[in-house]
Every structure is written in structure tokens, then in C-alpha cells.
Amino acid sequence: MFACIHAQQIPADLSLPEFAYNFSPVVEENRTGTVVIDVDGCELLFGSAYQLANEISLRAKKAGPQGGVESTVSVAIAANPDAAIHAATRLPGITFVSPGEELTCLGEFPIDHLNYSLVKVEKKVADEILETLKLWGIRTFADFASLPVAGVSERLGQVGVTLQQLAAGKTERHLNVKQPAPVFAYSIELEHAITELEPLSFVFAPLLHQLCAALNAHALATNELSVVMQLENQATHERKLTLPHPMRDHKVFLKLLLLDTEMHPPPAAVRSVSITCEPVKPRVLQNGLFVPLAPAPDKLELTLARLAKLVGEENIGSPALLDTHRPDAFSMNRFTLKSENRRDGKGAKNRQSAIGNRQSLGFRIFRPPLRAVVQAEQGWPAQISAWGKRRSVYGKVVSLAGPWRTTGDWWRGDRWARDEWDVMLEHSGQQAVYRIYRELKTEAWFVEGNYD
């Protein structure tokens, strides 16, 4: 059995299909203001089909927050959806069409109201057939249904036979089900507040399992999880997990979420948990045959999360140089996997030729820099001696360039200011080029590195 719900006008902020989902999971939206639902099996919840129609009509008059559409609707129940649509759109109130008695209800309808779009007949073809029927004196559904099928087929073709079955209420088709909007947000309210991590993990697990099941059902993944915990003191504790690539493994999500919660525990007992995600397309990667395999992304992410717990989130990641003149200034960015799809070796070959054609000096930095003793003549370095655990630098300065004064971050406690020179030292007939600098605050000299 099928039930058609027809509403003349409903508020713009309310949806008739959403209202129909309260009665059946199988909903077809025929057009704006008209939906059809499959009511087979609904008798366990609402009783007989007639009781279900009364429940739909009463609930539709309620306000939106109470589950209604704030409107009077027409409800028709029939053995096939097309007969229910014709009855609901033409007859007010509640209509029950018994199986095999469709013409008793539909027979007096004008032939002009035959909804040919239900059987996917083009408007031009349907208009020609309806005009022909009027010339024959056919005015109602009953008149059309009473014509001999063989004669209709000979004169109007198979399309005419289909329209005759539609007028008689004898068409058979499946509903064009309207899929509800996917939901990627799940929440749970707890009877008792939770203060420990272990019982909280039993709350996270089913929510993440439902979330990943929804992602799998729509062939999607996510690279961002948002967790909102309502606390006993009426505060809100929010955490967001940003993943380097899309995933949909609830076990990995659970481990990452537990590690993050352990590093950032809620300040009070938890009363409810809500988890949402941002759905994206899953990551598809085709590796080359001779390219070495990289670590599994999910295992790599778990390893990074465990390391972040041990050493701190600010001390793990991928180093990136800062846009500043401060020596050795860098920051730690979140580690992400980047792949380059190259079908040939032209890119690498071009890079090699570009590097090979460019003349440049390599600079080897001493870590830590060597503390030096510098003999200066009129402020210019003349003799340098420096020793470290693994190397020593000493000799006479035969050529130099500089000084270059660099300063910065004067508002910070670790501000810097120094003078730099590039010097060529000579010792035992051998020459080498080094970079030295003098800290202006302490007047100390250092050898920073040498040029190759």
C-alpha cells in the first residue's frame, strides 16, 4: 500500500519530505507539495492504513518544532502510487482507495487532469493523445478506461495503452526514493558524568563507528574530526583533529582521539559528547612500480601522535625556515605527505641541468659554532684561532669582506645583534674561506662555518 500526502501551502522553512520521513523511510517527492510513502509494515506503529492516514492529517497541523508542517493536507491511500497521487491531488481530506476499486474513486476525474508525467510520457505526445480522446467524446478517466485495449493500441500505440492503465489506476512501478541528506554528526548524552579516560573511550567508540559507517555508505572519507564535550560545570570542551590525508578507519580515529584527550583532558566531568566530521573524497594514490613504499599513512599518523604526547606538539613536525634574518630561525609545521605524479624523468633531468649550470658555493655550518680568539688591527680581524672537540680553525687573515651588521627582535628577550665577516685564512701555505661573527652584546667572536 502507498500513501500520498498533498499540501497546498506550507511555510518556506518546513519540508514536506522531512515530515514524511516520520512515517516511512521510503519517500518519493513527486513534485513540490506532493510526496508518496510506502506504508507496508507501518501498521505495527500506527495501526491500520486508515489510522495511519488520520495520524498524518492530525500531525501535519502541528507546529514545526512539534513535527508538523503547519498546514492542512490531503491524504490518499491506494494499492499503487499513481492512483494515490491522483486521489490526493483532486480530493480533500482522507481518501481510501480499495484494491481493484480504483475507478470508483478516480472514474469521474476529467481526462485533462491525467498526470502523464507519472509514466514518463512527453508533453507533446500526451497532448496529441488527449486531443484525440476529446474528439472521440472521452471526457473522464472512466470513459478512457472503458475503451477496448486492442483498439487503443491500434490507434494510439503503446503510449495510449500506458495512459489508459494510468487512468484505470492499474500501473505498476517502484517509487523513485528520495534519499535523505547524509548525516555526519553523532552525539550521546550520559546518565552519569565521566571523569576518567577509560570509560570515555567506550563513549567515543560507538560514535566513531557510526560516523565511519556513514562515510563508507557514501564512499567518502574525512580529514577533520570535531569533538564537543559538554561538561558538568556547564562549560564546553572542544577539540579538533586535523588529519594529513582523508581516512575512515574508526580504530585509528579512536586511538588518535584518546591520545589527544590524554594530552588535553577536559577540566571537568563530561556529561555529553558530540562528534562531527567534514566529508571529503577519499585519497587515491597510484605508486610507481619501482618507487619504494612509504609507511602506511594511518600508522604514521599514530606514531606522530604518540611522539607528540611524549615531547610536546610544538616539538614535532616538519621544520620550515622563517622569513627573517635571524640566524637558524625555523618553525615546526605539521607533517604532511606530498606526492608528485610524474610520468617521465624530464622534470628531474631539467632540475639537474639547472643546478649544474649554476655556479654556487656550499656552506658548511659548524654546530655549535666555534668560540674564537681574534686579533684585530684597527677593528679589522687579522689573526684567528678557534678550537672545538672535532675541528680547529686558525691562521692569518689574507682577505676579508664585511662587516655586515644584522639585528632583530629587539622587543624579545632573545634579541640578536652581530657583525659578520667572510674571511680567507692562510696556514702552512693552504687557504680556506670562513664566516666569522662578533656578538655585539658580549663582544665574543665565533666561527660559524666554512665555504666549499
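The values are calculated or read from the model by the stated rules, or taken from the named source; none is laboratory data. Just so you know, these numbers come straight off a predicted model, no measurement behind them. Note that each Cβ is placed from the backbone with ideal geometry, even for glycine, and that neighbours are counted across all protein chains shown.
Counting only residues that are at pLDDT 70 or above and part of a loop (DSSP other than H, G, I, E, B), the range 291-332 holds 11 of them. Being surrounded by 11 or more Cβ atoms within 10 Å (Cβ to Cβ), within 20 Å of PRO279 (Cβ to Cβ), out of contact with any Leu (no Cβ under 9 Å at 6 or more places or on another chain) and of a type in the set (S, T, N, Q) is true of GLN210. If we scan the range 7-24, do we find a residue that is more than 23 Å from LEU118 (Cα to Cα) and among the small types (Gly, Ala, Ser)? Yes, the range 7-24 has at least one match. Taken together, the criteria place GLU426 among residues that are assigned to a strand (DSSP E or B), more than 19 Å from PRO368 (Cα to Cα) and not aliphatic (A, V, I, L, M).
Sort through ALA150, ALA167, ALA205 and tell me the only one that's of a type in the set (A, V, I, L, M, F, W, C), surrounded by 12 or more Cβ atoms within 10 Å (Cβ to Cβ) and more than 22 Å from the chain's Cα centre (by Cα).
On the way: ALA150 fails: surrounded by 12 or more Cβ atoms within 10 Å (Cβ to Cβ); ALA205 fails: more than 22 Å from the chain's Cα centre (by Cα).
None of the other options fit; the residue is ALA167.
Is it the case that some residue within the range 103-114 is within 19 Å of LEU52 (Cβ to Cβ), assigned by TED's automatic domain parsing to the domain that holds GLY157 and either loosely packed, with under 13 Cβ neighbours inside 10 Å or at pLDDT below 90 (or both)? Step through it out loud before you land on a result.
As a first pass, look at the range 103-114 and keep what is within 19 Å of LEU52 (Cβ to Cβ): 105.
With the extra rule that they be assigned by TED's automatic domain parsing to the domain that holds GLY157, the set shrinks to 105.
Narrowing further to those that are either loosely packed, with under 13 Cβ neighbours inside 10 Å or at pLDDT below 90 (or both): 105.
Within the range 103-114 (the criterion being within 19 Å of LEU52 (Cβ to Cβ), assigned by TED's automatic domain parsing to the domain that holds GLY157 and either loosely packed, with under 13 Cβ neighbours inside 10 Å or at pLDDT below 90 (or both)), the answer is yes, since at least one residue qualifies.
Of all the numbered requirements in (1) out of contact with any Phe, Trp or Tyr (no Cβ under 8 Å at 6 or more places or on another chain); (2) in the same structural domain as LYS124 (by TED's automatic domain parsing), GLN164 misses one, and that requirement is (1).
Scan ALA268, ALA217, ALA185 and give me the residue that is more than 30 Å from ASP82 (Cα to Cα), exposed (fewer than 13 other Cβ atoms within 10 Å of the Cβ), modelled with pLDDT of 85 or more and not acidic (Asp, Glu).
Numbers: ALA268 fails: exposed (fewer than 13 other Cβ atoms within 10 Å of the Cβ); ALA185 fails: exposed (fewer than 13 other Cβ atoms within 10 Å of the Cβ).
When all the criteria are applied, what remains is ALA217.
Screening ASN287 with (1) modelled with pLDDT of 75 or more; (2) part of a loop (DSSP other than H, G, I, E, B); (3) surrounded by fewer than 17 Cβ atoms within 10 Å (Cβ to Cβ) gives one miss only, at (1).
Would you call ALA83 more than 15 Å from ASN22 (Cβ to Cβ), in contact (Cβ under 8 Å) with a residue 40 or more places away in the chain and in the same structural domain as GLU18 (by TED's automatic domain parsing)?
Details: more than 15 Å from ASN22 (Cβ to Cβ): yes; in contact (Cβ under 8 Å) with a residue 40 or more places away in the chain: yes; in the same structural domain as GLU18 (by TED's automatic domain parsing): yes.
In short, yes.
Touching a His at 6+ places or on another chain (Cβ under 9 Å) and either assigned to a helix (DSSP H, G or I) or of a type outside the set (Gly, Ala, Ser) (or both), is that true of LEU166? Yes; evaluated as a whole, the condition is true for this residue.
Considering only the range 128-138, state which residues are assigned to a loop (DSSP other than H, G, I, E, B) and in contact with a helix residue (DSSP H, G or I) (Cβ under 6 Å, 6 or more places away or on another chain). Write out each step before concluding.
Going residue by residue through the range 128-138, those that are assigned to a loop (DSSP other than H, G, I, E, B) are 136-138.
Once the filter is applied, which keeps residues that are assigned to a loop (DSSP other than H, G, I, E, B) and in contact with a helix residue (DSSP H, G or I) (Cβ under 6 Å, 6 or more places away or on another chain), the range 128-138 yields only ILE138.
Of the residues VAL152, VAL125, VAL161, VAL121, only one is in a loop (DSSP other than H, G, I, E, B) and β-branched (Val, Ile, Thr); which?
Values: VAL152 fails: in a loop (DSSP other than H, G, I, E, B); VAL125 fails: in a loop (DSSP other than H, G, I, E, B); VAL161 fails: in a loop (DSSP other than H, G, I, E, B).
Only one candidate passes the filter, namely VAL121.
Which residue out of THR72, THR89, THR95 is at pLDDT below 90, assigned by TED's automatic domain parsing to the domain that holds LEU14, of a type in the set (Val, Ile, Thr) and touching a His at 6+ places or on another chain (Cβ under 9 Å)? Criteria check complete, one pass: THR89.
The C-beta contact set for the range 126-144 (first residue touching a residue at least 24 places away in the same chain (Cβ under 8 Å) and assigned by TED's automatic domain parsing to the domain that holds GLU154, second residue among the β-branched types (Val, Ile, Thr) and part of a loop (DSSP other than H, G, I, E, B), distance under 8 angstrom, 6+ apart or interchain) comprises PHE144/ILE138. Identify, please: which residue in the range 245-265 is among the hydrophobic types (A, V, I, L, M, F, W, C) and part of a helix (DSSP H, G or I) and is, among those, surrounded by the fewest Cβ atoms within 10 Å (Cβ to Cβ)? This residue is MET263.
Within the group THR132, THR95, THR72, which residue is among the hydroxyl-bearing types (Ser, Thr, Tyr) and farther than 15 Å from ALA53 by Cα? I'd like the intermediate steps shown before the answer.
Details: THR95 fails: farther than 15 Å from ALA53 by Cα; THR72 fails: farther than 15 Å from ALA53 by Cα.
Of the residues listed, the single one that is among the hydroxyl-bearing types (Ser, Thr, Tyr) and farther than 15 Å from ALA53 by Cα is THR132.
Considering each of VAL177, VAL183 in turn, give the residue that is in contact with a helix residue (DSSP H, G or I) (Cβ under 8 Å, 6 or more places away or on another chain) and assigned to a loop (DSSP other than H, G, I, E, B). None of the others qualify; the one that does is VAL183.
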